[in-house]
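Here the structure comes first, spelled out in C-alpha cells, and everything after it is commentary.
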Amino acid sequence: EPSSGTVEGDPVVIASGARYRRLNLANVTQFEGASVHYWASPIEARLCENQEIALVGAGNSAGQAAVYLAGQVEKVWMIVRGANLAASMSRYLIERIEAQPNIEVVLRTEVTGLHGGANLTDVSWRNADTGEETKRQIRHLFLLVGADPNTDWLAGCDVALDPKGFVKTGVGENRHPLETSLPGTFAIGDVRAGSVKRVASAVGEGAQVVAAIHEFLAEAR
C-alpha cells in the first residue's frame with residue numbers, strides 16, 4: 001500500500017512516467033500492443049506497411065506521426081475532433097499534411113467503435129455535425145491525443161513543472177540537462193518535459209543520469 005511521509009536522502013531521480021490518454025471505448029485495452037499504438041516508431045511503421053490506418057489527434061506529435069506514417073502506409077485517415085488543425089498544430093505541419101496525397105483529414109469526427117477478436121479488423125467513426133458513420137477495414141489505430149504526467153505527488157516539493165505538469169529540467173545556471181529546479185533532483189523518461197516519449201530514450205536517459213549523479217556527489221563532497 002502506498003504511504004506518505006518525508007524521506008531524507010542523497011540525489012533523487014524522478015521517473016514516474018505519464019498516463020497516455022485513451023479513447024472512451026470499453027474495449028480499447030483489448031487491442032493495445034498489437035493494434036492500438038500510442039507512438040509511431042519504425043517498428044509500428046513496419047507492422048502496418050502498405051495498409052490503411054487510422055490516426056487520432058490534432059497536435060504537433062499527431063501531425064509528425066501522420067506525415068511519417070504516410071511514407072510507409074497506403075493511406076492515413078487522420079481523425080480530428082475539432083473543426084480545424086490550425087488551433088493546435090504548427091502551420092508547417094499542416095502544409096506537409098495537405099501536400100501528402102494519402103493523408104485524409106476528417107474533422108469534427110470521433111472514433112465510435114473498434115471491432116475484431118484477437119486483433120483489430122475494423123474501425124468506425126462518426127461525424128458530429130452530420131451523424132454520418134464510417135466503418136473501414138483497419139488493423140492499426142494510432143492514438144496521439146496526449147499524456148498526463150504522474151506528478152501530482154510533487155506538489156509542494158519546489159520542483160518546477162511546465163504548464164502541462166511535466167517536470168522541467170536543465171533550467172538555470174550550471175544545471176545538468178536532466179536536473180530539475182531542485183538541486184540534486186533529476187527527472188528522466190516520460191515525466192520529463194521535452195523528452196522523447198520512447199522506451200529507448202528513457203533507458204538512455206537512465207544511463208545518463210547515473211553519470212550526472214556521480215558528478216553531483218563529487219561536487220558536493
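Restricting the search to segment 195-219, which residues are at pLDDT below 90, touching a Phe, Trp or Tyr at 6+ places or on another chain (Cβ under 7 Å) and surrounded by 15 or more Cβ atoms within 10 Å (Cβ to Cβ)? Once the filter is applied, which keeps residues that are at pLDDT below 90, touching a Phe, Trp or Tyr at 6+ places or on another chain (Cβ under 7 Å) and surrounded by 15 or more Cβ atoms within 10 Å (Cβ to Cβ), segment 195-219 yields only K197.
On inspection, E44 fails the criterion of being closer than 22 Å to G146 by Cβ, in a strand (DSSP E or B) and either open to solvent by 60 Å² or more (accessible area, probe 1.4 Å) or in contact with a His (Cβ under 6 Å, 6 or more places away or on another chain) (or both).
Please determine whether any residue of segment 128-137 is surrounded by fewer than 16 Cβ atoms within 10 Å (Cβ to Cβ) and among the basic types (K, R). The answer is yes, given that some residue of segment 128-137 is surrounded by fewer than 16 Cβ atoms within 10 Å (Cβ to Cβ) and among the basic types (K, R). Number of residues in segment 181-194 that are open to solvent by 40 Å² or more (accessible area, probe 1.4 Å) and either touching a Phe, Trp or Tyr at 6+ places or on another chain (Cβ under 7 Å) or not hydrophobic (A, V, I, L, M, F, W, C) (or both): the value is 3. L154 fulfils the conditions (1) more than 16 Å from the chain's Cα centre (by Cα); (2) without any contact (Cβ under 8 Å) to a residue 40 or more places away in the chain; (3) surrounded by 13 or more Cβ atoms within 10 Å (Cβ to Cβ) except for a single criterion, (2). Criterion first (in a helix (DSSP H, G or I), touching a residue at least 12 places away in the same chain (Cβ under 8 Å) and within 29 Å of G194 (Cα to Cα)) does A58 satisfy it? It is false that A58 is in a helix (DSSP H, G or I), touching a residue at least 12 places away in the same chain (Cβ under 8 Å) and within 29 Å of G194 (Cα to Cα). Where strands (runs of 3 or more DSSP E) fall wholly inside segment 63-174, the ranges with 3 or more residues that are modelled with pLDDT of 95 or more are 75-79, 103-106, 109-116, 120-127, 133-137, 141-143.
Just one of L178, L144 is more than 30 Å from V73 (Cα to Cα), out of contact with any Pro (no Cβ under 9 Å at 6 or more places or on another chain) and crowded, with 18+ Cβ neighbours inside 10 Å; which is it? Matching residue, one of L178, L144: L178.
For segment 19-41, a tally of residues being aliphatic (A, V, I, L, M) and open to solvent by 90 Å² or more (accessible area, probe 1.4 Å) returns 1.
Answer with yes or no whether V167 is hydrophobic (A, V, I, L, M, F, W, C), open to solvent by 20 Å² or more (accessible area, probe 1.4 Å) and farther than 15 Å from V36 by Cα. No.
The values are calculated or read from the model by the stated rules, or taken from the named source; none is laboratory data. These figures come from a predicted structure and were not determined experimentally. A quick note on method: Cβ atoms are made from the backbone with ideal geometry, for glycine too, and the neighbour counts reach across all protein chains shown. The protein model used for the area step is the full one, side chains on, heavy atoms only, and it has no ligands, DNA or RNA in it. Shrake-Rupley method; radii C 1.70, N 1.55, O 1.52, S 1.80 Å.
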